[in-house]
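Worksheet: one structure, shown below.
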Amino acid sequence: MTRIQGQPTPLSRRNSIRIAAYLLLLASCTSAATLAERNPGAHWPAVAEASPACQASLAQVRSQLAMLPTTSLMAVRDGEVLFSYGAVDRANQVYSVRKSVLAMMYGPPVAAGTISLDSSLASLDIDDVGGPLPLERSAKVGDLLAARSGVYHAAANPGDDAEAAPPRGSQRPSAYFLYNNWDFNAAGTVYEQLTRRDIYQSFVSELAQPLQFEDFTLAQQRRSGDPKRSRHPAYHFHFSTRDMARLGQLMLQEGRARSAPPNFCASPICWCNRHAFKDR
């Protein structure tokens, strides 16, 4: 897990690619064994011993990171910390990560039948400033999660590809992908409307507590956006790098968490990685 502070830009994307390339240097540190289902418990354990080749690769990665705007990075192997850089315990606002987190949270209510991905915006009475077009109202919940709704209404917050959006009403739902904050924000509204639960409080009970997040505080979480542009605010999260690594470990294990409380994996949370991220 890596963090580059601020809104995503072409430069930050290039830096992320460079970081990924540096992490390839850690190939000498990886194990040939299959992934173990190991969650860190209350604290992340460190890898007990690294080979000389691995130590040399780690030193090279660290020196390269010092020349980039990366604030923190953490590499995990089989549930143990292989490499750590920067303040991995500091919770900062994340941006695009929030959309994947919401998709994970959709898993239990979809599996329980509380949310149907085939429900239309019209059937759920999802409205907005000025109103969606008739064609846009036919978009489904699953289209929102996949950023394929065809709804090109202004979002409450910037940071998406809205400037590249086709004219409103020109694309049928599910036919065209656009990285669109309106879709993601409306998906948050749908989640709260149908589950009758606050996103942040639900995150605490469904993920933060079972995965034993170390740095997550409910008081730090807040929505943002301009209500004159859209009624659907952005639900940003504040995560630390080491807590984001817990989410990554859960996904690597396809939703299974041995350290979780009894019956945790019997709940629909195990559904999330198999279905919530599929490109519909």
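The values are calculated or read from the model by the stated rules, or taken from the named source; none is laboratory data. Fair warning: this is a prediction, and the values are worked out from it, not measured in the lab. Every residue, glycine among them, receives a Cβ derived from its backbone with ideal geometry; neighbour counts consider all protein chains shown. Ligands, DNA and RNA are stripped out before the accessible areas are found, and what is left, the full protein with its side chains, is counted by its heavy atoms. Shrake-Rupley method; radii C 1.70, N 1.55, O 1.52, S 1.80 Å.
Brief remarks on what is shown
- Breaking point among (1) open to solvent by 30 Å² or more (accessible area, probe 1.4 Å); (2) touching a residue at least 40 places away in the same chain (Cβ under 8 Å); (3) farther than 28 Å from Glu206 by Cα, for Tyr176: (2)
- Residue match in region 82-94 (condition: acidic (Asp, Glu), within 22 Å of the chain's Cα centre (by Cα) and open to solvent by 60 Å² or more (accessible area, probe 1.4 Å)): yes
- Boolean, Val101 is of a type in the set (Val, Ile, Thr) and modelled with pLDDT of 95 or more: yes
- Restricting region 148-159 to residues that are surrounded by 20 or more Cβ atoms within 10 Å (Cβ to Cβ) and farther than 17 Å from Arg137 by Cα, the residue that is farthest from the chain's Cα centre (by Cα): Ala156
- If the condition is being part of a helix (DSSP H, G or I) and touching a helix residue (DSSP H, G or I) at 6+ places or on another chain (Cβ under 7 Å), then region 141-161 contributes Val141, Leu144, Leu145.
- Of residues in region 237-252 being open to solvent by less than 10 Å² (accessible area, probe 1.4 Å) and either small (Gly, Ala, Ser) or out of contact with any Gly (no Cβ under 7 Å at 6 or more places or on another chain) (or both), the one farthest from Asn92 (Cα to Cα): Leu250
- Number of the exception - Ala66 against (1) aliphatic (A, V, I, L, M); (2) exposed (fewer than 13 other Cβ atoms within 10 Å of the Cβ); (3) touching a helix residue (DSSP H, G or I) at 6+ places or on another chain (Cβ under 7 Å): (3)
- Some residue of region 208-225 being in a strand (DSSP E or B) and of a type outside the set (Lys, Arg): yes
- Cβ-Cβ distances below 6 Å connect the following pairs, each with a first residue in region 66-77 that is farther than 12 Å from Arg90 by Cα, a second residue that is buried (at least 16 other Cβ atoms within 10 Å of the Cβ) and among the small types (Gly, Ala, Ser), and a separation of six or more residues or different chains: Met74/Ser84; Met74/Ala245; Val76/Ala245.
- Filtering region 118-140 to residues that are open to solvent by 60 Å² or more (accessible area, probe 1.4 Å), in contact with a strand residue (DSSP E or B) (Cβ under 8 Å, 6 or more places away or on another chain) and under 13 Å from Ala186 (Cβ atoms) leaves Arg137, Lys140.
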